[in-house]
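Here the structure comes first, spelled out in structure tokens, and everything after it is commentary.
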Amino acid sequence: MIDCHCHLLFGIDDGPETLDEAVSMARILFKHGFSTVHCTPHCISGLYENNPVIVRDRVTRLQQALDRAEITIRLRPGMEYYLDARFSEHLPDLQPLGESRLLLVEAPAWAGADVIVGNIRQIVARGFVPLIAHPERCHLIAAPGQGGLWAKTRSLFGRAEPKPAWDLLAQLQDLGCLFQGNLGSFAGRYGKIVEHHAVSMLEAGLYSCIGSDSHPLPGLDEMISAGLEAVCRLNSNHRQLLSASRLLS
Ligand SMILES: [Fe+2]
């Protein structure tokens with residue numbers, strides 16, 4: 001399997017703090033069958049000031065450590081870009097996923113559709129394909145006018161039936177976007193509403209790939225197990241989704 005979204009690099013975002021912690025995470029990914037992992041640290045101006053040089057340097061150092069530990073995972077560089085008002089600062093030097101033209105991007109929780117669509121247009125104009133990370137977790141897409149305490153209360157009682165903003169998703173698709181779902185969403189890591197959206201989007205055929213979005217959180221091993229089990233149970237096309245075979249190999 002190929003992981004297209006993973007916070008495995010150490011010391012540059014909210015991923016592992018140390019090299020040893022990164023190696024421990026890689027051991028879990030390898031155990032579950034991942035043979036290639038795209039390292040996609042956050043790139044958020046003012047918070048995680050990453051660039052392609054920093055990412056490639058960390059990938060080289062971590063790959064050497066994995067080789068020494070005989071963990072046969074091939075690491076590839078990537079980034080998870082935050083589509084906020086300062087995203088355009090990164091346009092001159094973008095880091096896609098490996099050798100592909102895919103650019104992993106994340107919609108900020110607060111952002112309006114105009115900010116997201118404007119940034120998407122700039123990415124496409126430069127010849128990249130925006131891969132929108134976990135749309136099932138994006139407030140604008142997944143909780144249009146249905147967030148807040150009411151949605152959380154309904155979620156607690158298992159009566160969450162909100163609908164994603166299919167019209168916005170269709171607009172983004174028309175602009176050339178692809179979509180990536182999170183294993184943790186299917187595992188219920190982010191609550192019932194997100195799980196519900198993830199299943200809806202999977203059934204609608206929205207996703208081009210599924211990624212782990214791994215962070216060094218307690219229960220990472222169990223989250224990956226549960227997510228893989230759910231995706232394989234829900235979708236006969238799971239092998240393609242989990243290898244991103246049409247996109248990255
Ligand atoms: Fe992420």
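The values are calculated or read from the model by the stated rules, or taken from the named source; none is laboratory data. Here the structure is a predicted model, which is why all the values come from computation and not from measurement. Using ideal geometry, Cβ is built from the backbone for each residue, glycine included, and neighbour counts are taken over all protein chains shown.
Hey, among the residues in the range 30-42 that are assigned to a strand (DSSP E or B) and more than 16 Å from GLN64 (Cβ to Cβ), which one's nearest to the ligand (Cβ to nearest atom)?
Of all residues in the range 30-42, those assigned to a strand (DSSP E or B) come to 36-39, 42.
Cutting the leftovers down to more than 16 Å from GLN64 (Cβ to Cβ) gives us 36, 38, 42.
Numbers: THR36: 17, HIS38: 11, HIS42: 7 Å.
Ranking the candidates gives HIS42 first.
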Here the residues within the range 200-217 that are out of contact with any His (no Cβ under 8 Å at 6 or more places or on another chain) and either in a helix (DSSP H, G or I) or acidic (Asp, Glu) (or both) are SER200, MET201, LEU202, GLU203
With criteria (1) modelled with pLDDT of 95 or more; (2) closer than 21 Å to ILE2 by Cβ; (3) surrounded by fewer than 24 Cβ atoms within 10 Å (Cβ to Cβ), GLY181 comes up short on (3)
Can you name the number of the only condition in (1) within 16 Å of the ligand (Cβ to nearest atom); (2) in contact with a strand residue (DSSP E or B) (Cβ under 8 Å, 6 or more places away or on another chain) that GLY176 fails?
(1)
Given (1) touching a Ser or Thr at 6+ places or on another chain (Cβ under 6 Å); (2) under 18 Å from ASP14 (Cα atoms), identify the lone condition not met by ARG74.
(2)
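Take the residues in the range 195-214 that are over 14 Å from the mean Cα position of the chain (by Cα) and not small (Gly, Ala, Ser); name whichever of them is surrounded by the fewest Cβ atoms within 10 Å (Cβ to Cβ). Don't jump to the end; show me each part of the working.
Going through the range 195-214, the residues over 14 Å from the mean Cα position of the chain (by Cα) turn out to be 195-197, 199-206.
The next check asks that each one be not small (Gly, Ala, Ser); those that pass are 195-197, 199, 201-203, 206.
Working: GLU195: 20, HIS196: 21, HIS197: 26, VAL199: 18, MET201: 22, LEU202: 22, GLU203: 10, LEU206: 22.
Of everything passing the filter in the range 195-214, GLU203 is surrounded by the fewest Cβ atoms within 10 Å (Cβ to Cβ).
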Log entry, pairs with first residue in the range 3-29 being under 14 Å from VAL59 (Cβ atoms) and more than 16 Å from the ligand (Cβ to nearest atom), second being of a type in the set (Gly, Ala, Ser) and in a loop (DSSP other than H, G, I, E, B), beta carbons closer than 7 Å, six or more apart or on different chains, reads VAL23/ALA69
How many residues does the range 38-92 hold that are of a type in the set (Ser, Thr, Tyr), surrounded by 15 or more Cβ atoms within 10 Å (Cβ to Cβ) and farther than 21 Å from ASP114 by Cβ?
2
Kindly provide the set of residues from the range 111-145 that are within 15 Å of the ligand (Cβ to nearest atom) and either basic (Lys, Arg) or surrounded by fewer than 16 Cβ atoms within 10 Å (Cβ to Cβ) (or both), ordered by number.
ARG137
If you go through the range 71-105, how many residues are out of contact with any strand residue (DSSP E or B) (no Cβ under 7 Å at 6 or more places or on another chain) and touching a residue at least 40 places away in the same chain (Cβ under 8 Å)?
7
Of everything in the range 69-110, what is under 18 Å from HIS134 (Cα atoms), within 16 Å of the ligand (Cβ to nearest atom) and not in a strand (DSSP E or B)? Give them in sequence order.
GLY78, MET79, LEU83, ASP84, PRO96, LEU97, ALA107, PRO108, ALA109
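Would you say GLY11 is outside any helix (DSSP H, G or I) and either closer than 19 Å to VAL105 by Cβ or within 13 Å of the chain's Cα centre (by Cα) (or both)? Please lay out each step first, then the result.
Details: outside any helix (DSSP H, G or I): yes; either closer than 19 Å to VAL105 by Cβ or within 13 Å of the chain's Cα centre (by Cα) (or both): no.
Judged against the criteria, GLY11 is not a match.
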